[in-house]
Amino acid sequence: MKRQITIRLLLALGLGAAVTTAAFAQETPLKGKTVAFVPTSLGYDLTDGWNAMAGKQLQALGAKWVVRDPNWSTDAGAQAITSLISEKPDVLLVQNPDIQSYARLLKRAEDAGIAVVQVNMRSATNTSAFVGADWIGIGEAMANAVVAQCGKGSGKSGKVSIVQGVLTAAASTFQMKGVQNVLSRHPEIKVVSNQAADWDASKARAVTDTVLRQHADLCGVIGFWDGHDTGTAAAIREAKRQGQVFLVTNGGAAMTGCSNVANGNFSAYMTYNVKQQSDDLVAVTRDLLTKPRPAAMVSRITPITVIDKASLRPDSCWNLADVRK
């Protein structure tokens, strides 16, 4: 009798352990997997947001989270990717600085069995997945906003300046295509300047300051990133043209972007929410690690939300400090 009770107890304990193990496996399906992230640089809202939000979620699912920060150096980024290929993480998340620089390395990583997810900016090569903004759509949305303010019937000059980022970056290339798609239908809009600021606020400020001196009747500016367009806005303020020059830009919906809408620095703000992108990065990474590898490149395109003073709400943007708590 005692022996039977002991056997039943052991069976019960064994079953309990099996149930606990199964439950743990369901909660941490990525245990034993490594996910590596190579941004253009840490230290600004987009990359810090992905690092904090996607990194936290993936670690909660059991994955090891590795970050290699090139600090805006394409060479350092290439070295980081090369090193990671030899280390063989299961998934590699890469934010490309331009279309060509990492293209061959990303193919090498895929050929080595590493699933590569391109983050927000594409390269010339296809990989397992892309998660990011609809850059052509953003360019079209920004151009349409400027046309509404400066186009036919506005009574304004129609003069517009364009402040791009790095010309070879996918974000610039595709935004420019979107802008051209719209402006080609509006000959009343005159592009008086189209220059690169290389994602640098000081360069954007200098470019815009010069354009404002040359064109006192400038009607609008199309900026390609809110990070450098803080410099664009500063030039407009210094020229005492805030409220007269319509500045439209785009970004990841961090709180600084909404603050610049509230204080009048940005007239309109086209956003691709980093919180949504982080959720998409986690979902795509999980699928790549737990399901059969897809035959074609998976794309998760972030919806565009337009924020201006009329639509601005307390929850329109996210705060990095809150995410890090």
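A few comments on the model shown:
- Relative packing of 231-242, 56-67, 215-226, 185-196, which averages over residues the other C-beta atoms within 10 Å, highest first: 215-226, 231-242, 56-67, 185-196
- Aspartates and glutamates with Cα under 20 Å of Lys190, excluding same-chain neighbours fewer than 8 positions away: Glu140, Asp209, Asp217
- Dipole size of the chain about its Cα centre, with +1 on Lys/Arg Cβ and -1 on Asp/Glu Cβ: approximately 780 debye, rounded to the nearest 20.
- Charge tally around Leu84: other residues with Cβ under 12 Å, Lys/Arg +1 each, Asp/Glu -1 each, net +1.
- Per residue solvent-accessible surface (Å²) - the chain, probe of 1.4 Å: 46
- Using 0.36 nm per residue and subtracting the Cα-Cα separation, the extra length available between Gln100 and Lys177 on full extension is 25.9 nm.
- Sorted peptide list for 249-259, 83-93, criterion being average Cβ within 10 angstrom, highest first: 249-259, 83-93
- Here the accessible area of segment 146-303 is 51 percent carbon and sulfur, with a 1.4 angstrom probe and all protein chains present.
- Extension gain, Arg108 to Thr290: 0.36 nm times the residue separation minus the Cα-Cα distance gives 63.3 nm.
- Report summary: the helix-based calculation at 222 nm, which adds -39500 (n - 2.57) for every DSSP H run with n ≥ 4 and divides by the residues of the chain, gives -15000 deg cm²/dmol.
- Theoretical FRET efficiency, 1/(1+(r/R0)^6), r = Cβ-Cβ of Lys88 and Asp279, R0 22 Å, to 0.05: 0.25
- For segment 107-155 versus segment 40-67, the gap between their alpha-carbon centres in whole angstrom: 21
- Neighbourhood charge, 12 Å Cβ-Cβ cut-off, centred on Ala169 and excluding it, Lys, Arg +1 and Asp, Glu -1: -1
- Taking 0.36 nm per residue of sequence separation and removing the Cα-Cα distance, the Glu27/Thr74 pair yields an extension gain of 13.2 nm.
The values are calculated or read from the model by the stated rules, or taken from the named source; none is laboratory data. Values in this document were obtained by computation on a predicted structure and should not be read as measured data. Backbone-built Cβ (ideal geometry, glycine too); neighbour counts: all protein chains shown. All accessible areas refer to the heavy atoms of the entire protein, side chains included, with ligands and DNA or RNA removed. Shrake-Rupley method; radii C 1.70, N 1.55, O 1.52, S 1.80 Å.
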